[in-house]
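Worksheet: the structure to be examined is printed underneath.
The values are calculated or read from the model by the stated rules, or taken from the named source; none is laboratory data. Since we're looking at a predicted model, the values are computed, not measured. Here the Cβ positions follow ideal geometry from the backbone for every residue, glycine too, while neighbour counts run over all protein chains shown. Remember, those area values only see protein heavy atoms, side chains included, never the ligands or the DNA or RNA. Shrake-Rupley method; radii C 1.70, N 1.55, O 1.52, S 1.80 Å.
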Amino acid sequence: MKIKDIKIFVSNPGRNFVTVKIITDNGVYGLGDATLNGRELAVVAYLEEHIIPCLIGKDPHQIEDIWQYLYKGCYWRRGPITMTAISGIDMALWDIKGKVANLPVYQLLGGKSREKIKVYGHANGQNIDETLDNLGHLVDEGYKAVRLQCAIPGLDGTYGTLDGKKDYYELQSNRPLPPEQLWDTSEYLNFIPQLFQKAREKYGMDIELLHDVHSRLTPIEAARLGKTLEPYNLLFLEDCVTAENQSGYQQVRQHTTTPLAVGEIFNTIWDAKELLENQWIDYIRTAVTHAGGITAMRRIADFAAIYHVRTAPHGPPDISPIGHAAHAHLNSWTPNFGIQEFIGFGGAPLNEVFKHPLVFENGHLLINDKPGLGVDFDEKAAKKYSYKKSYLPISRLRDGTLWNW
Ligand code: EZ4
Ligand code: CO
């Protein structure tokens, strides 16, 4: 069996997606997700100019060798563009292997460790009441775990909440320049504990609650927040500090028993090495679309298991249904799976382009037994929704200093 052709599709059925399609000489094809939010076309160029010419004629069953070829063989290891491109190719190769074997990918990984995949949703709001109302709606829909984000009074456009145009922050996909938001750490630190206090008063201790700091704090500030939130029993506090310097998490860890999660922007296992082997975190949030595909995610999960760390893959709407399906296969197998972020799929155009195998039921995702990843992609429909340049926002402090968004 040989790789005959590789096609890259850029579409915007609600937001931008980069889709890889590997076509083999016996007619079987595989699909992969290579979407890097805000940097989509850099990945497309990397694939088209530097990867595809090298893979034509290769045996698609040689997933490991192709992974090593693309990782070691480019000399310039790691980085989000390279690793997102490798992820898209790797997913498509696993899809092909599953289709040829007539088995779902989770079977190729070793079979199911669980029957259903626990997920957490997002409740966001302009104020505490609105956030808690949205939490109530998700509880009614069956969610057992919910991430709470709330606008900080006096700050415009806090992460996770609506922006000025009233679009949900994750779904807006037409930002010709990065929007600017304001950030104030002390106002945030004083406000957020009230959100969780009121959530517990209203909904009790059974529902699992989470929060994403989006890397806006220093270690000692994050330590204070973790301590303050201890009475509200979070499932985890996400991205409390940036992780280029992994030992930042050591300082947080020394001060609080609030569980810590990080990893959505990691590209490789190396980004998590010290975090894992020092047991500074509780959940590793690497994503199949950005950390090297199924081949790499499997290694990260096994490495994390040694240190009592569970997986909680990043699951925003800027990961396509192909990436979400790949997560579902991984999560079905991963012995040390924790929870999957899942806020639903974005409506009619998206479902027209991607036919995916996932069903949400009572706070969990269920996956069917279709061979491969189980997703189909409608090329004709995709052509109707063309790429729109789009940026994530940036944050500044009140004095103009550029901060972490
Ligand atoms: O901001 O996916 O936990 N989820 C997140 C996401 C990220 C976006 C960036 O592309 O932090 O909402
Ligand atoms: Co996050």
Selection from segment 124-135 of residues in a helix (DSSP H, G or I) and either open to solvent by less than 10 Å² (accessible area, probe 1.4 Å) or within 16 Å of ligand 2 (Cβ to nearest atom) (or both) yields Thr131, Leu132, Leu135
For the list (1) modelled with pLDDT under 95; (2) open to solvent by less than 10 Å² (accessible area, probe 1.4 Å); (3) of a type outside the set (Val, Ile, Thr), I need the number of the one condition that Pro317 fails. (2)
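Conditions (1) in the same structural domain as Leu138 (by TED's automatic domain parsing); (2) open to solvent by 30 Å² or more (accessible area, probe 1.4 Å); (3) modelled with pLDDT of 95 or more; (4) more than 24 Å from Arg224 (Cβ to Cβ), marked per residue:
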| residue | (1), (2), (3), (4) |
| --- | --- |
| Gly248 | yes, no, yes, no |
| Arg253 | yes, yes, yes, no |
| Gly263 | yes, no, yes, no |
| Trp280 | yes, no, yes, no |
| Ala296 | yes, no, yes, yes |
| Ala304 | yes, no, yes, yes |
| Thr311 | yes, no, yes, yes |
| Asn331 | yes, no, yes, yes |
| Asn336 | yes, no, yes, yes |
For segment 60-88, enumerate the residues that are open to solvent by less than 20 Å² (accessible area, probe 1.4 Å) and of a type in the set (A, V, I, L, M, F, W, C). Ile63, Ile66, Leu70, Met83, Ala85, Ile86
Index of the failed condition, Pro231 passing every other in (1) away from ligand 1 (no atom under 16 Å from the Cβ); (2) part of a loop (DSSP other than H, G, I, E, B): (2)
Would you point out the residue of segment 377-404, among those that are farther than 30 Å from Glu352 by Cα and open to solvent by less than 50 Å² (accessible area, probe 1.4 Å), that is farthest from ligand 1 (Cβ to nearest atom)? Gly400
Quick one: which residue in Val100, Val44, Val28 is in contact with a helix residue (DSSP H, G or I) (Cβ under 8 Å, 6 or more places away or on another chain) and either among the β-branched types (Val, Ile, Thr) or without any contact (Cβ under 8 Å) to a residue 12 or more places away in the chain (or both)? Val28
Kindly indicate the residue of segment 6-59 that is closer than 14 Å to Leu93 by Cβ and of a type in the set (Asp, Glu) and also surrounded by the most Cβ atoms within 10 Å (Cβ to Cβ) among those meeting that condition. Asp33
